[in-house]
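Single-structure report; data block below.
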Amino acid sequence: MKKILYSAGLMLFMVCCKKNGSEQNLNSSDWTIFRGDAGLKGYSDVQLPDKLQLLWAYKSDSRTSSSPVISKNTVYWCDKRGKIIGVDIQGTKVFEYDFATAVEASPIISDSMLYIGRIDGLMSALSLSQKDTVWNFETMGQISASPNIGVFEGREAVVFGSYDNILYCLEKSSGKLISRFESDYYINGAVAVTGKYFVSGGCDAWLKIIDGESGSVTDSLLLDAYIPASAAIDGNECYVADHSGNVYVFEIEEGKIVNQRKIITATDSEGSFVSVPALSKSTVYILSDDRNLYALDRKTGLTRWKYLQKGISGESSPLVCRDKVISCSRTGIVSVLDAETGKLIFEYDAGEQITASPAASGNGFYVLTNKGTLLCFGRVHE
């Protein structure tokens, strides 16, 4: 493993991370779940500086498709060999645990426990303090998406889908099965949670809403094409993209879809969507495989702007940090744009493919490449 330091901005980044008040610190801005919160809306309240630079890069020795998560000053991810790696905000490896089996999913951290799905079909709970597996739950198919946590039938639950076509709800503390819901095909995306409701889309093209209190499906809707990624939820609005190139918004009340519309309708000339939408209060941002990052008005559905990325798109999903949007292309270009205008603020060529989604913390953000290089971006030292 090798760490490359860019010391010009590192010390200032560390100082800013320790300040209170208007300067966010890492503990108050942990990014413990894929997409930042249970609704998977890809929004962070971190205020990125106007001038950014690469502060450091940590090179691991194995490829990954995991997105990073952040807890207590440490960035965690899992590589394709099954190693959980933790790197602190100075770029030093401080944690390692080996599952000794292939992992492609992103982890979630809750109460000093890390939960992650594996290619061999196991959902595992790992104690970060003890560096030991607390429980495993076996499914009959690979697990490719991050789990989520909600309350199901009065118990805190880990919820996730598997390639055995089943959505599982497990007791968080013990890993015991609480309930399961069958699908007609693979469940590839993470489950979004809002209040007592769980929202899941799968490769069978069905969007389903599950009431965690009653343990029953309260509504479902067949979309025009299969759903390769996750829904994003803010308030009672749920945004979903399908593989043919449609983007939908659904209004959900009491577990029912009360209104629906397409804000992008698929055409032969436009690309499909395999990333998760990112939501601010006024705008939905989504990356298409036509290489464009779209900014759509949440009220009208109209396109406010679109930005043509350098390089091809991939599974990476955009991240909104207040007035800025971070977007990564599969080719390896990291772009930071003005959220209001779409104007390019910062660009970096990683030289390695990127399919993971970025994570924000303190006054900077992290990007993980497919080769397992963790990049830390922060304030330019002047």
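The values are calculated or read from the model by the stated rules, or taken from the named source; none is laboratory data. All values derive from a computational prediction rather than experimental measurement. Backbone-built Cβ (ideal geometry, glycine too); neighbour counts: all protein chains shown. These accessible areas exclude ligands, DNA and RNA; they are computed on the full protein's heavy atoms, side chains included. Shrake-Rupley method; radii C 1.70, N 1.55, O 1.52, S 1.80 Å.
Residue count for segment 50-82 under the criterion of being open to solvent by less than 10 Å² (accessible area, probe 1.4 Å) and either among the aliphatic types (A, V, I, L, M) or more than 21 Å from the chain's Cα centre (by Cα) (or both): the result is 6.
Assess whether ALA278 counts as being crowded, with 23+ Cβ neighbours inside 10 Å, in contact with a Phe, Trp or Tyr (Cβ under 6 Å, 6 or more places away or on another chain), under 26 Å from GLY364 (Cα atoms) and among the small types (Gly, Ala, Ser). Full working, then the answer.
Numbers: crowded, with 23+ Cβ neighbours inside 10 Å: yes; in contact with a Phe, Trp or Tyr (Cβ under 6 Å, 6 or more places away or on another chain): yes; under 26 Å from GLY364 (Cα atoms): yes; among the small types (Gly, Ala, Ser): yes.
Yes; evaluated as a whole, the condition is true for this residue.
Here is a yes/no grid of residues against (1) closer than 14 Å to SER67 by Cβ; (2) surrounded by fewer than 20 Cβ atoms within 10 Å (Cβ to Cβ):
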{"residue": "ILE85", "(1), (2)": "yes, no"}
{"residue": "ASP88", "(1), (2)": "no, yes"}
{"residue": "SER112", "(1), (2)": "no, yes"}
{"residue": "GLY121", "(1), (2)": "no, yes"}
{"residue": "ALA125", "(1), (2)": "no, no"}
{"residue": "LEU128", "(1), (2)": "no, yes"}
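The strands (runs of 3 or more DSSP E) located wholly in segment 178-252 that include 3 or more residues which are within 26 Å of ALA266 (Cβ to Cβ) and open to solvent by 10 Å² or more (accessible area, probe 1.4 Å) occupy 216-222. Taken as a whole, the condition of being at pLDDT below 95 and either open to solvent by less than 10 Å² (accessible area, probe 1.4 Å) or within 14 Å of the chain's Cα centre (by Cα) (or both) applies to GLY364. All conditions in (1) assigned to a strand (DSSP E or B); (2) without any contact (Cβ under 8 Å) to a residue 40 or more places away in the chain hold for SER173, with the sole exception of (1).
If you go through segment 110-131 and keep only what is part of a strand (DSSP E or B) and more than 19 Å from LYS80 (Cα to Cα), you end up with SER110, MET113, SER127. GLU340 meets each of the listed conditions (1) crowded, with 23+ Cβ neighbours inside 10 Å; (2) assigned to a loop (DSSP other than H, G, I, E, B); (3) modelled with pLDDT of 95 or more apart from (1).
Within the option set SER361, SER317, SER327, SER335, being under 21 Å from GLY245 (Cα atoms) and out of contact with any Pro (no Cβ under 6 Å at 6 or more places or on another chain) holds for one residue only, SER317.
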